[in-house]
1. Find the accessible area per residue for the chain; the probe is 1.4 Å, ligands and nucleic acids are left out, and the unit is Å².
2. Find the Rg to Rh ratio for the chain, where Rh is the Kirkwood radius over alpha-carbon pairs and Rg uses the same atoms.
3. Restricting to DSSP H runs of at least four residues, report the calculated mean residue ellipticity at 222 nm for the chain, -39500 (n - 2.57) per run over all residues, nearest 500 deg cm²/dmol.
4. Taking the Cα centre of the chain as the origin, how large is its charge dipole in debye, to the nearest 20, when only Lys and Arg (+1) and Asp and Glu (-1) carry charge on their Cβ atoms?
5. Using only Cα atoms, find the angle between the long axis of helix 2-101 and the longest principal axis of the chain, and express it within 0 to 90 degrees, rounded to the nearest 10.
6. If I compute solvent accessible area with a 1.4 Å probe over the protein chains, what percent of it on the chain is carbon and sulfur?
7. Towards the positive end of the charge dipole of the stretch 31-102, with charges on Cβ (+1 Lys, Arg; -1 Asp, Glu), say which of Thr66, Ser99, Ala51 has the farthest Cα.
8. When a/c is below 1.5 the answer is rounded, else prolate if a/b is larger than b/c, else oblate, so apply that to the stretch 1-51 with a ≥ b ≥ c taken from the square roots of the Cα gyration tensor eigenvalues.
Amino acid sequence: MNSKATATEEARADIREHAQATVSDLGSLAQEVSGGSELRDMLMRVAKQTASLDICIRETQQSLATSQAAAARLADRVDSASEQLKSLPKTIDIIKVASADM
């Protein structure tokens, strides 16, 4: 009987150790799952921020294209005004000659 009691106690001790190891493993798994949830939430936030950044980049590109077009028009106007300024002394001379003839 004594050996049966000892074997039972040893079996109970083994079961207790196994149960404690299982609980510990489940605790670790729960932390990993919890961490996985945090990671998922973090990835979702990153995805939203990336989408927001993509929108900002598109808006900036559109604004840049508009600014470049405006700069090209301004450069054309400056070139036109420069050409007119170059011809201004000639125009003044023509006006002087015409007014002297009057």
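1. 89
2. Answer for the chain: 1.89.
3. -37500 deg cm²/dmol
4. So the dipole magnitude of the chain works out to roughly 500 debye.
5. The answer is roughly 0 degrees.
6. Whole-percent figure for carbon plus sulfur exposure: 61.
7. Ser99
8. In terms of gyration-tensor shape, prolate.
The values are calculated or read from the model by the stated rules, or taken from the named source; none is laboratory data. The structure presented is a predicted model; accordingly, all values stated were derived computationally and were not measured. Quick reminder, even Gly has a Cβ in these numbers, built from the backbone with ideal geometry, and neighbours come from all protein chains shown. Keep in mind that these areas ignore ligands, DNA and RNA; they rest on the heavy atoms of the full protein, side chains included. Shrake-Rupley method; radii C 1.70, N 1.55, O 1.52, S 1.80 Å.
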